Amino acid sequence: MNGTKDAEMVHSARGSVKDRENTMKVLWWRRAGDFLVGTLIPWSLLSQLLGTVFFRRSWPGGWGGALVATLAFAAIVVIGSALSKDGQTPSQRLCGLRVLTLDDRVAGRGRQAARAAGHLLDMLSLGVGFLWPLWDSRAQSFADKLAATVVVRAGTKNH
């Protein structure tokens, strides 16, 4: 499949190029909301909690801070993936998104976990990975490319 055809299929946009671009932008904002609600806020809160419990301060800094942040991120990845159903984590359900494989099947828990862990690439690229879907033909972030997934709006005609 070529990139343009994939973008049409993934986004179910049947109009002009402008319509497809608008659809990608709307989808991007939903994805940003999903990351905020499903990863960033829980990660921050859990890091604060773990730091307080184990180091008696909310952010221990140094190696302790790195350990706390890593453990909290791993916990968010595992919990989100374990709670995923029909290609949706709870935050994706809230934002009206679904994650599919490149062959248009619902992404399972393992692929959801790989995608969530892949968000580290999006962050390590100084945010470029999060912006990548805005110009990618399949609207994939670096995490999506790593996990071989695409994000679609839940409840579209095809999904």
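The values are calculated or read from the model by the stated rules, or taken from the named source; none is laboratory data. Keep in mind that what you see is a predicted model, and the values were worked out from it rather than measured. Positions of Cβ are backbone-derived with ideal geometry, glycine not excepted, and every protein chain shown enters the neighbour counts.
What the table shows:
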read-out	value
All positions within region 80-106 that are part of a loop (DSSP other than H, G, I, E, B) and either within 22 Å of Leu40 (Cα to Cα) or touching a His at 6+ places or on another chain (Cβ under 7 Å) (or both)	Leu83, Ser84, Gly87, Thr89, Gly96
Pick from region 141-159, criterion at pLDDT below 95, on the phi < 0 side of the Ramachandran plot and assigned to a loop (DSSP other than H, G, I, E, B), ranking: surrounded by the most Cβ atoms within 10 Å (Cβ to Cβ)	Ala154
Lone qualifier among Leu97, Leu83, Leu102 - being touching a residue at least 24 places away in the same chain (Cβ under 8 Å) and surrounded by fewer than 20 Cβ atoms within 10 Å (Cβ to Cβ)	Leu102
Residue list for region 45-69, filter: under 27 Å from the mean Cα position of the chain (by Cα), assigned to a helix (DSSP H, G or I) and surrounded by 13 or more Cβ atoms within 10 Å (Cβ to Cβ)	Leu46, Ser47, Gln48, Leu49, Leu50, Gly51, Gly64, Gly65, Leu67, Val68, Ala69
Subset of region 131-150 [out of contact with any strand residue (DSSP E or B) (no Cβ under 9 Å at 6 or more places or on another chain) and either closer than 17 Å to Trp43 by Cα or of a type in the set (Lys, Arg) (or both)]	Lys145
Check on Ala72, of a type in the set (A, V, I, L, M, F, W, C) and either under 11 Å from the mean Cα position of the chain (by Cα) or not in a helix (DSSP H, G or I) (or both)	no
